[in-house]
Amino acid sequence: MRHFNKILVTGGAGFIGSHVIRHLINSYPSLEVVNIDALTYAGNLDNLSDVSTSNNYTFVKGNICDKDLVNQLFTEHNFDAVIHLAAESHVDRSIENPMTFLETNCMGTAVLLNAALDTWKDNGMEGKLFYHISTDEVYGSLGEEGLFTESTAYDPRSPYSASKASSDHIVRAYHHTYGLPIVISNCSNNYGSHQYPEKLIPLMIGNIVAEKPLPIYGEGINVRDWLFVEDHARAIDLILSKGENGETYNIGGLNEWRNIDLIKLLIKIVDSELGREEGSSENLISFVKDRAGHDLRYAIDASKLCNELGWKPTVTFEEGLLKTVKWYLANRS
């Protein structure tokens, strides 16, 4: 089991990153955590207001593509691990502006890898780890049967997933070429508190509250595997400390839902919380033209993570959704 003294978390002011930092700060008081985040539209320091004054937490505003800044941070702090979460991550935005995704997700990852390699190579790289967080979207689209495993061939369909697939390959190349100690995890769709409201679940919660249309792509039959973000943070901690060098781990919620069924369940929960007649907001559902390159189904086989490292999801979808809805209703601003 690995133990670290100082970790660099990239993109820690974002949705998943803030949950990972909160988990690390609260679980390991002697661990120093440095968070670098460019604070683009989806990064928000309010996500970390509860831990921002902790003695073992430091925030640095900056872009992972800034080679000088990243090198300076490694020299100054001599990190023994990196948890790399910083990424452009919205498929629709990647279709409109692919270059931003390629710059951040590919070149930004390369800048971090070079800094880690330059800092660690003279010390034998013992006790060091570069942990790259990726997505199940790199695998492309599933039919109605089957699950993505760690050996599924990559088949990305959007500029976003292609940029993440590229960064996964770059990380593995540094492991095989230079001996850099790495682990990678590919996760399914996350949900929970503190998510930027362009994403499906917070967007729909906001629209139900405001009685605005609920736009659903195509016929709503696209299937996603949903993972509660706090369960994901626990999985990341486990892989960080126990994951095998050079290995990939899929993290899934074992929880497949068609978009239309998810929205109907969400409507029931929000209506109930608002004191409306349960299901009355279904008349807000509006089917819109399907997204270009929209993958039909994602589903993760997380058995490697469960069997080898002992992880399993702890929150049911209904519990997680209720927690999520309650948080958004209490934090509308």
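The values are calculated or read from the model by the stated rules, or taken from the named source; none is laboratory data. As the structure is a computational prediction, the values presented were derived from the model and not from experiment. We place every Cβ from the backbone using ideal geometry, glycine too, and count neighbours over all the protein chains shown.
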query = Give me the pairs: first residue in the stretch 129-154 and under 19 Å from S241 (Cα atoms), second residue in a loop (DSSP other than H, G, I, E, B), beta-carbon distance under 7 Å, and six or more apart or on different chains, which are they?
reply = L129/R2; L129/P181; F130/L180; F130/P181; I133/L85
ask   = Right, V223: more than 18 Å from N283 (Cα to Cα), crowded, with 22+ Cβ neighbours inside 10 Å and not hydroxyl-bearing (S, T, Y) or not?
value = no
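I'm trying to understand the selection: among the residues of the stretch 30-45, which are more than 19 Å from the chain's Cα centre (by Cα) and not in a loop (DSSP other than H, G, I, E, B)?
Of the stretch 30-45, the ones more than 19 Å from the chain's Cα centre (by Cα) are 30-32.
E32, the sole residue that qualifies.
In the list I182, I133, which residue meets the criterion of being over 24 Å from G43 (Cβ atoms) and surrounded by 24 or more Cβ atoms within 10 Å (Cβ to Cβ)?
Working: I133 fails: over 24 Å from G43 (Cβ atoms).
From the options I182, I133, the qualifying one is I182.
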inquiry  = For a quick check of your reading of the model, give me the residue pairs whose first member lies in the stretch 92-114 and is farther than 20 Å from V82 by Cα, whose second is of a type in the set (A, V, I, L, M, F, W, C) and assigned to a helix (DSSP H, G or I), with beta-carbon atoms closer than 8 Å and at least 6 apart or on different chains.
reply    = R93/F101; S94/F101
query = (1) surrounded by fewer than 22 Cβ atoms within 10 Å (Cβ to Cβ); (2) among the hydrophobic types (A, V, I, L, M, F, W, C); (3) at pLDDT 95 or above; (4) closer than 21 Å to V229 by Cβ: which one isn't true of A110, the others all being true?
reply = (4)
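Considering only residues of the stretch 33-67 that are of a type in the set (D, E, K, R) and closer than 21 Å to H232 by Cα, which is surrounded by the most Cβ atoms within 10 Å (Cβ to Cβ)?
Of the residues in the stretch 33-67, the ones of a type in the set (D, E, K, R) are 37, 46, 50, 61, 66-67.
Add one more test, that the residue is closer than 21 Å to H232 by Cα, and what stays is 37, 46, 50.
Values: D37: 28, D46: 12, D50: 12.
Residue satisfying both the conditions and the ranking: D37.
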task = Only residues that are modelled with pLDDT under 95, in contact with a strand residue (DSSP E or B) (Cβ under 9 Å, 6 or more places away or on another chain) and within 18 Å of G17 (Cα to Cα): list them for the stretch 195-214, please.
result = K199
message = Six or more apart or on different chains, Cβ atoms under 7 Å: show the pairs whose first residue is in the stretch 181-205 and without any contact (Cβ under 8 Å) to a residue 40 or more places away in the chain and of a type in the set (V, I, T) and whose second is assigned to a strand (DSSP E or B) and crowded, with 24+ Cβ neighbours inside 10 Å.
response = none
inquiry  = Regarding the stretch 26-37, can at least one residue be identified that is closer than 24 Å to R332 by Cα and aliphatic (A, V, I, L, M)?
reply    = no
key: Matching residues, the stretch 276-333, being at pLDDT 95 or above, assigned to a loop (DSSP other than H, G, I, E, B) and within 30 Å of R157 (Cβ to Cβ)   = D301, A302, W311
task = Collect the residues in the stretch 46-87 that are within 13 Å of L112 (Cβ to Cβ), in a loop (DSSP other than H, G, I, E, B) and of a type in the set (S, T, N, Q), keeping them in residue-number order.
result = N63
message = Can you confirm whether E137 is of a type in the set (D, E), touching a helix residue (DSSP H, G or I) at 6+ places or on another chain (Cβ under 7 Å) and modelled with pLDDT under 95?
response = yes
remark   = Pairing a residue in the stretch 45-67 that is at pLDDT 95 or above with any residue that is of a type in the set (V, I, T) and outside any helix (DSSP H, G or I), where Cβ atoms lie under 6 Å and the two sit 6 or more apart in sequence or on different chains, gives Y57/V33; Y57/V51; T58/V34; V60/I36; G62/I36; I64/T10
query = Consider L240 against the criteria (1) closer than 16 Å to D136 by Cα; (2) touching a strand residue (DSSP E or B) at 6+ places or on another chain (Cβ under 7 Å); (3) hydrophobic (A, V, I, L, M, F, W, C): it satisfies all of them except one. Which criterion is unmet?
reply = (1)
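Scan the stretch 266-288 and give yes if some residue there is under 13 Å from S188 (Cα atoms) and not charged (D, E, K, R), otherwise no.
Within the stretch 266-288, the subset under 13 Å from S188 (Cα atoms) is none.
The answer is no; no qualifying residue exists.
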